[in-house]
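Data first, discussion second: the structure below is written as structure tokens.
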Amino acid sequence: MMKPLRIDWGFRSTPQKDLLPEGRVIDLERGKTLGGSSAINYNLWVHGAAADFYRWETQYGCEGWSYKEVLPHFQALERFSEGSEASEVSSTARGKEGLIGVAPLFPPLPEVEDFMNACESHADANRIKDYNAGYLAGVSPVQLSTGGTAGGRQDCFSTLVEPLLKHYPNLQVVSETFCRKVLLESDLQARGVELELRSGEVLRISCRKEVVLSAGALLTPQLLMLSGIGEEAHLKDRVLFTKWGKFPRTFFA
């Protein structure tokens, strides 16, 4: 792993045999701050391909994960700006009243327009007016979660969580805290989490209703494995937990 930074966990992939040069290792930036990766990424706003959601539901048995079922959640989050080329085809696919302002790069920079023209001419790539309308295959200007056409960076914490702190005294944000695992009952129901503070103190917090695990694409599966959820052989083969400030060795391909 590369050296962790103040706001980046510093993860790296295992060597990739199908990349050039063969065995290349890729930096996997993950936000180590309030707001997570949304606080350090490029602010690109992408729903995902409808075909992927369909495959998760039909091939892998993920009930409730069809594109039709997840689309209302994307729509509830976003405030898609009007007046762009993309908005002309997106009246039913996009949300207009959410907290996260989304706008295409509009009008595109001349260099972006030249690049898209080259893709259409030489790579048979279709121009898509709105890649967040369900179909991603083609070329398109990016859409940014920057508060709309005149806004700045929007991360998940400052946009969705911080405003609630004024109205919900029972909502508490604890920073500089490492989640060690989810606490499970004998019937595998989650009953709480085990946390380690910066001081080294370990706390066990129980819940009365549910545990929402939202640690990103890399640390969420890691936490599940730390909690004993995963393939038995894989769990026995890996060193999955270390103390605060140190990190499990890379096990993501």
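The values are calculated or read from the model by the stated rules, or taken from the named source; none is laboratory data. The model shown is predicted, which means the values in this text are computed figures rather than measured ones. Using ideal geometry, Cβ is built from the backbone for each residue, glycine included, and neighbour counts are taken over all protein chains shown. Note: areas computed on protein heavy atoms with side chains; ligands, DNA, RNA excluded. Shrake-Rupley method; radii C 1.70, N 1.55, O 1.52, S 1.80 Å.
At-a-glance table
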{"item": "Whichever residue in region 55-75 is of a type in the set (Ser, Thr, Tyr) and out of contact with any helix residue (DSSP H, G or I) (no Cβ under 6 Å at 6 or more places or on another chain) and, among such residues, is surrounded by the fewest Cβ atoms within 10 Å (Cβ to Cβ)", "result": "60"}
{"item": "Residue 224 being under 25 Å from residue 25 (Cα atoms), open to solvent by 50 Å² or more (accessible area, probe 1.4 Å), out of contact with any Phe, Trp or Tyr (no Cβ under 8 Å at 6 or more places or on another chain) and at pLDDT 50 or above", "result": "yes"}
{"item": "Subset of region 184-201 that is loosely packed, with under 11 Cβ neighbours inside 10 Å and farther than 17 Å from residue 224 by Cβ - its residue that is modelled with the highest pLDDT", "result": "201"}
{"item": "Residue 129 vs. criteria over 22 Å from the mean Cα position of the chain (by Cα) and under 29 Å from residue 94 (Cβ atoms)", "result": "yes"}
{"item": "Single residue of region 3-30 satisfying the filter (hydrophobic (A, V, I, L, M, F, W, C) and surrounded by 14 or more Cβ atoms within 10 Å (Cβ to Cβ)) that is modelled with the highest pLDDT", "result": "25"}
{"item": "Considering residues of region 81-128 that are open to solvent by 90 Å² or more (accessible area, probe 1.4 Å) and in contact with a helix residue (DSSP H, G or I) (Cβ under 9 Å, 6 or more places away or on another chain) only, the residue modelled with the lowest pLDDT", "result": "106"}
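To keep it simple, each residue is scored yes or no on (1) part of a loop (DSSP other than H, G, I, E, B); (2) without any contact (Cβ under 8 Å) to a residue 60 or more places away in the chain.
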| residue | (1), (2) |
| --- | --- |
| 124 | yes, yes |
| 132 | no, no |
| 169 | yes, yes |
| 173 | yes, no |
| 186 | yes, yes |
| 191 | no, yes |
| 196 | no, yes |
| 199 | yes, yes |
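Results for (1) within 17 Å of the chain's Cα centre (by Cα); (2) free of Cβ contacts under 8 Å to residues at least 60 places away in the same chain, shown as yes or no for each residue.
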site: 15; (1), (2): no, yes
site: 39; (1), (2): yes, no
site: 53; (1), (2): yes, yes
site: 57; (1), (2): no, yes
site: 62; (1), (2): no, yes
site: 66; (1), (2): no, yes
site: 72; (1), (2): no, yes
site: 76; (1), (2): yes, yes
site: 79; (1), (2): no, no
